[in-house]
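Student: To start, I am sharing the structure in question, which I have written as structure tokens.
The values are calculated or read from the model by the stated rules, or taken from the named source; none is laboratory data. Keep in mind the model is a prediction, meaning the values are calculated, not measured. Using ideal geometry, Cβ is built from the backbone for each residue, glycine included, and neighbour counts are taken over all protein chains shown. Note: areas computed on protein heavy atoms with side chains; ligands, DNA, RNA excluded. Shrake-Rupley method; radii C 1.70, N 1.55, O 1.52, S 1.80 Å.
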Amino acid sequence: MKQVSLLPARDQVAEILRKAIFTGELQRGQELTQEKVAEELGTSRMPVREAFQILEREGILTIQKRRAIVQGLTIEDIVDHLEIRAMLEGEAAARANLKGKDFEDIKLALENSERAALSLDVFSYVTANESFHRAIWAASESSRLENFLNYLWNGVPPHLPALLPKQMDRSISEHRNIVKAICNGTSEEARDSMIGHIRRSIEDLIKHHKDIDFDKTTS
């Protein structure tokens, strides 16, 4: 696990632990202590304790005094999580369409993701992909919706492009359709384009389930 250099670090610690559980670095049943995690990440125990509480609410950890037991993530957990995200992101895209703005931030994020995909830079693509989705949330002009989506985005690491690199080309094509629908289509077209995009990602994840072997790495 990488070190945390910025404080307050609660969300950063939670994200590091999520990713470690998601990739199988931390196994179901494994015991974590505040002291050991804080030492490994180079931070104090307070953000670790708070991160444990966040992950307990998400069902990923079970807290027992100052230690936590990894519960893991099943493929069913991830699919359910992404289905809920699809519904809310579809609403964000529909609301963005209704606002009728110039959508420069969304277009810029699309261009950045296209460049990353063209250069086969998976890690830059992951960052650009997040910026693309967040630009749409912001364009919805609903702080409540944006907060819900931020929670869902952080709840399961959105690293499918890193696990399924061939997904990038399909995602770019879908991103273009989403931008076209938001800028020039109807709110329903914008909603359907976004929902279809995320559900296709779910289908890819299920299709590659055996290759990724979530049952062994995250449960």
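Student: Give, as residue ranges, the strands (runs of 3 or more DSSP E) completely inside segment 1-94 that count at least 3 residues that are buried (at least 20 other Cβ atoms within 10 Å of the Cβ) and of a type outside the set (Val, Ile, Thr). Outline the logic, then answer.
Tutor: Numbers: elements: 31-33, 61-64, 67-70.
In segment 1-94, there are no strands (runs of 3 or more DSSP E) which contain 3 or more residues that are buried (at least 20 other Cβ atoms within 10 Å of the Cβ) and of a type outside the set (Val, Ile, Thr).
Student: Quick check on segment 55-72. Is at least one of its residues polar (S, T, N, Q) and under 23 Å from Ile202 (Cα atoms)? So that I can check it myself, show each step before the final result.
Tutor: Keep residues of segment 55-72 that are polar (S, T, N, Q), which gives 62, 64, 71.
Next cut, under 23 Å from Ile202 (Cα atoms) only: 71.
The answer is yes, given that some residue of segment 55-72 is polar (S, T, N, Q) and under 23 Å from Ile202 (Cα atoms).
Student: Would you point out the residue of segment 111-126, among those that are over 21 Å from Ile182 (Cβ atoms) and not aromatic (Phe, Trp, Tyr), that is most open to solvent (accessible area, probe 1.4 Å)?
Tutor: Let us first name the residues in segment 111-126 that are over 21 Å from Ile182 (Cβ atoms), namely 118-124, 126.
Adding the requirement that they be not aromatic (Phe, Trp, Tyr) leaves 118-122, 124, 126.
Details: Leu118: 153, Ser119: 78, Leu120: 130, Asp121: 57, Val122: 31, Ser124: 52, Val126: 21 Å².
Going through the qualifying residues, I end up with Leu118.
Student: Taking the condition of being among the small types (Gly, Ala, Ser), at pLDDT 95 or above and part of a helix (DSSP H, G or I), how many residues in segment 167-214 meet it? Break it down stepwise before answering.
Tutor: Step one: of segment 167-214, the residues among the small types (Gly, Ala, Ser) are 171, 173, 181, 185, 187, 190, 193, 196, 201.
So of that shortlist, the ones also at pLDDT 95 or above come out as 181, 185, 187, 190, 193, 196.
Narrowing the set further to residues that are part of a helix (DSSP H, G or I) leaves 181, 187, 190, 193, 196.
The qualifying residues number 5.
Student: Is it the case that some residue within segment 98-112 is touching an Asp or Glu at 6+ places or on another chain (Cβ under 7 Å), among the charged types (D, E, K, R) and under 28 Å from Ser193 (Cβ atoms)? Full working, then the answer.
Tutor: Within segment 98-112, the subset touching an Asp or Glu at 6+ places or on another chain (Cβ under 7 Å) is 99.
Those still in the list that are among the charged types (D, E, K, R) too: 99.
Now restrict to residues that are under 28 Å from Ser193 (Cβ atoms): 99.
Yes, there is a match, as at least one residue in segment 98-112 is touching an Asp or Glu at 6+ places or on another chain (Cβ under 7 Å), among the charged types (D, E, K, R) and under 28 Å from Ser193 (Cβ atoms).
Student: Can I ask one more? Report, by residue number, each residue of segment 95-124 that is of a type in the set (S, T, N, Q) and part of a helix (DSSP H, G or I). Even if it seems obvious, please write down each step before you answer.
Tutor: Of segment 95-124, the ones of a type in the set (S, T, N, Q) are 97, 112-113, 119, 124.
Within segment 95-124, Asn97, Asn112, Ser113, Ser124 qualify.
Student: Please give the number of the condition Leu145 fails out of (1) under 17 Å from Arg176 (Cα atoms); (2) not in a loop (DSSP other than H, G, I, E, B).
Tutor: The one condition Leu145 does not meet is (1).
Student: Follow-up question, since we're still on this one. List, please: which pairs have Cβ atoms under 7 Å, are six or more places apart or on different chains, and start with a residue in segment 89-113 that is without any contact (Cβ under 8 Å) to a residue 24 or more places away in the chain and end with one that is of a type in the set (Gly, Ala, Ser)?
Tutor: Short answer, once both residue conditions are applied: Asn112/Ala128; Asn112/Ser131.
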